[in-house]
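Written out below as structure tokens is the structure these notes cover.
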Amino acid sequence: MRASEASRAVGAARFVSSPLGLIVHDVMVLHNSNKLTLRLLPCDVLARVAPVDDQIAEFEVGLAQRLAEAGCPVAALDPRGEARVHERDGFVVTLWTYYESVATHDMAPDDYALALARLHSGMRKVDAETPHFTERVAHAQRLLADRERTPDLSDVDRELLRDALRRSVRTIGERGGGEQLLHGEPHPGNVLATRCGPVFIDLETCCRGPVELDLAHAPEDVAVHYPGVDQELLRACRILVLAVVTTWRWDRYDQYPRGRAMGLDWLGRIRAALG
């Protein structure tokens, strides 16, 4: 969010906290992208604030409750903040449990894999209406076709991304793997190391597809510890994920920090992966 929006978003979080008896003297910005993630102190609540027109908070709150009931290692809503979406000044605010990190190093790959397997197992018990992963691919394809949205992408790189999307989707279809509810983006930024073990956050990206698609977001050594992985399918999923997120970095409206530099690096990785 831009500074003016972020200031209003912080104000919205403060406002909805007050009638709930949550004392807020200080606010720490933990992450700023299309939404703000805030730590409210001294009540120690994690608040997520997003523009009303650019969020699916109701879906995320409802799904988080159902996944927790199914035994999934997901972040819990703060019990003091009511399990609902709060609205104020053009923003929606959700209030979550704040988890203090218990590790200063990267999470062990086997712990990461076990937590992801537990998440997938619980997700198979939950019937949720979520998009298929191909909808995310279709969005990337529309960006590649719209030169006004991706004006700085060269013709050569545009065709590289189109080819990567086509080839990986075809391979995923040919492998015929089973599909289920997925986290959608269980990368290290969306998994917390807590006293209770790894906990997944940010459920708004959930979709349907093969579990290898989730594994494609995790560090490569995590898949070694995940049972029954189709390696050829995983390779195709990794190329697909890389092609999609690289395309996003070339969207003229993308606000991801250092997004363009990352996009350039990822283009090189895709080129190498396709040989």
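Details
- For the listed peptides 36-45, 235-244, a ranking on the average number of other beta carbons within 10 Å per residue, highest first, reads 235-244, 36-45.
- Convex hull volume per residue in cubic angstrom - Cα atoms of the chain: 135 Å³
- The range 1-149, relative contact order in percent, only Cα pairs under 8 angstrom and at least six apart counted: 21 percent
- Amide H contacts under 5 Å for Y99, placed H, 5+ residues apart: none
- Distance histogram in 5 Å bins (all Cα pairs of the range 1-136, percent per bin): 2, 9, 17, 18, 19, 16, 12, 6, 1
- Here the simple spin-label model places points 7 Å from the Cα toward Cβ, and for R162 and E5 these points are separated by 3.1 nm.
- Value in Å of the Kirkwood radius, where the range 119-275 supplies the Cα pairs that are averaged: 16.4 Å
- Computed from Cα atoms, the angle from the helix 155-175 axis to the main principal axis of the chain rounds to 90 degrees.
- Relative contact order of the range 153-275, pairs being alpha-carbon contacts under 8 Å that are 6 or more residues apart, as %: 27 percent
- Cα shape, the range 2-78, gyration tensor, a/c 1.5 rule: oblate
- To put it simply, the accessible area of the range 152-252 at a 1.4 Å probe is 48 percent carbon and sulfur.
- A straight chain from L264 to T171 at 0.36 nm per residue would run longer than the Cα-Cα distance by 31.0 nm.
- Using θ = phi - 60° in the Karplus curve 6.51 cos²θ - 1.76 cosθ + 1.60, the 3J(HN,Hα) couplings for the range 245-255 round to 5, 5, 4, 4, 5, 9, 5, 4, 9, 5, 10 Hz; x is entered for Gly and Pro.
- Protection proxy ranking for 89-97, 135-143, using the average of other Cβ atoms within 10 Å per residue and placing the highest first: 89-97, 135-143.
- The residues of the chain expose, per residue, 50 Å² of accessible area to a 1.4 Å probe.
- A cut-off of 5 Å between modelled amide H atoms, ignoring neighbours fewer than 5 places along the same chain, links V85 with no other residue.
- Distance cut-off 13 Å, percentage of C-alpha pairs in the range 180-254 lying past it: 69 percent
- Between the helical axis of 109-123 and the longest alpha-carbon principal axis of the chain there is an angle of about 80 degrees.
- Between the Cα long axis of helix 3-17 and the first principal axis of the chain there is an angle of about 50°, rounded to the nearest 10.
The values are calculated or read from the model by the stated rules, or taken from the named source; none is laboratory data. Predicted model only: the values in this text are computed from it and were never measured. No Cβ is skipped: glycine too gets one built from the backbone with ideal geometry, and neighbour counts run over all protein chains shown. Quick note on the areas: whole protein, heavy atoms, side chains included, nothing else; ligands and nucleic acids left out. Shrake-Rupley method; radii C 1.70, N 1.55, O 1.52, S 1.80 Å.
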